[in-house]
Amino acid sequence: MAKPDGVVPGSIYLFRHGETEWSLSGQHTGTTDLPLLPEGEEAARELGEILQNRAFERVLSSPLQRARRTAELAGLTHVEVEPLLREWDYGAYEGITTTDISAGLGRPWEVFVDGVVPGDTPGETLEEVAARAQQVIDTIWPSLERGDVALFGHGHALRVLTAVWLGRSPRLGQQLILDPGSMSILTHHRSTRCLGTYNLSPWRLLRNSTTR
């Protein structure tokens, strides 16, 4: 059995959930369990058109409904709920935009640099989110030895997981973007872990192809 720091045949497919009211407004959505907007549901269905012939060894989803619903509408079955895939706990910054947090502090604020403070929930450090990401990778490793794995989750947590997969500081996630309804592929080239595809929005490609 290959060690988790080695190379396996399979790739990790990352899916950020579709659009919600707060992802549209820019409000931090960690523990709040919001549903998808109609646009988010439509994007998830269109994602299914890309995945209809794709087989996965395992499909895991965050327990929050926006991620589970995205997997469901994309047509994936046998979805396992994995609490480790939940979004960053933003503590007191839950439901608040970066602009408003910065205004309240009187200076620019960035979650990857400044972190969060406790509120109704304790909040999490960047290092704690990264530790969860490593646990996810360890959990799916045996499945990656057989084939591909799909993970349905959230913007910040999946950006951190990408950095962890690449063996970089979790702070690298600050420089990565994941749009709602996007698909990314974490893979390897020979012995080096790589980004195969990143922040691809299949629904945008489908719409563009039908409007030309």
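The values are calculated or read from the model by the stated rules, or taken from the named source; none is laboratory data. From a predicted model like this one, the values you see are computed outputs, not experimental measurements. No Cβ is skipped: glycine too gets one built from the backbone with ideal geometry, and neighbour counts run over all protein chains shown. When the accessible area is computed, the model is the full protein with side chains, heavy atoms only, and any ligands, DNA or RNA have been set aside. Shrake-Rupley method; radii C 1.70, N 1.55, O 1.52, S 1.80 Å.
Simple spin-label model, 7 Å along Cα-to-Cβ: residue 191 to residue 146 in nm?
With each label placed 7 Å out from Cα toward Cβ, I get 2.8 nm.
Pick out the long, greasy-scoring helices in the chain: whole DSSP H runs spanning 18 Å or more along their own axis by Cα, mean Kyte-Doolittle at least 0.0.
Values: long enough: 38-51 (20 Å, -0.62); 126-144 (27 Å, 0.23).
The qualifying helices are 126-144.
Taking amide hydrogens as modeled 1.01 Å from N in the peptide plane, which residues meet the under 5 Å criterion relative to residue 188, leaving out close sequence neighbours?
194
Taking the Cα-to-Cβ direction at residue 199 and at residue 100 and moving 7 Å from each Cα, how far apart do the two end points lie in nm?
Between residue 199 and residue 100, the simple spin-label model gives 2.5 nm.
In region 32-89, what trypsin sites (Lys or Arg not before Pro) fall in a loop by DSSP, with at most 15 other Cβ atoms inside 10 Å? Before the final figure, lay out the partial values.
On the way: sites: 45, 54, 58, 66, 68, 69, 86; in loops: 54, 86.
Sparse-neighbourhood loop trypsin sites (Lys or Arg not before Pro): 54.
Check residue 11: other-chain or 5+ apart residues with amide H under 5 Å from its amide H, H built from backbone geometry?
It is 148, 149, by chain and number.
Between residue 174 and residue 131, 0.36 nm times their residue separation minus their Cα-Cα distance comes to what? Write down the numbers at each step before the final one.
Working: separation 43, 0.36 × 43 = 15.48 nm, distance 1.66 nm.
So the extension gain works out to 13.8 nm.
Output the peptides 173-186, 155-168 sorted from most to least packed, where packing is the average of other Cβ atoms within 10 Å over each peptide's residues.
Numbers: 173-186: 20.1, 155-168: 22.2.
Listed from highest to lowest mean packing, they are 155-168, 173-186.
Which percent of the accessible area of region 26-132 is formed by carbon and sulfur heavy atoms (probe 1.4 angstrom)?
On the way: 2660 of 5350 Å².
Carbon and sulfur atoms account for 50 percent of the accessible area of region 26-132.
Quick one: if the Förster radius is 22 Å, what FRET efficiency do residue 7 and residue 54 give, using the C-beta to C-beta distance and rounding to 0.05?
Values: r = 21 Å, r/R0 = 0.96.
About 0.55, to the nearest 0.05.
Give the ranking of 82, 128 by solvent-accessible surface, highest area first, calculated with a 1.4 Å probe. Intermediate results must be reported in sequence, preceding the final value.
Details: 82 35, 128 90 Å².
The most accessible residue leads, giving 128, 82.
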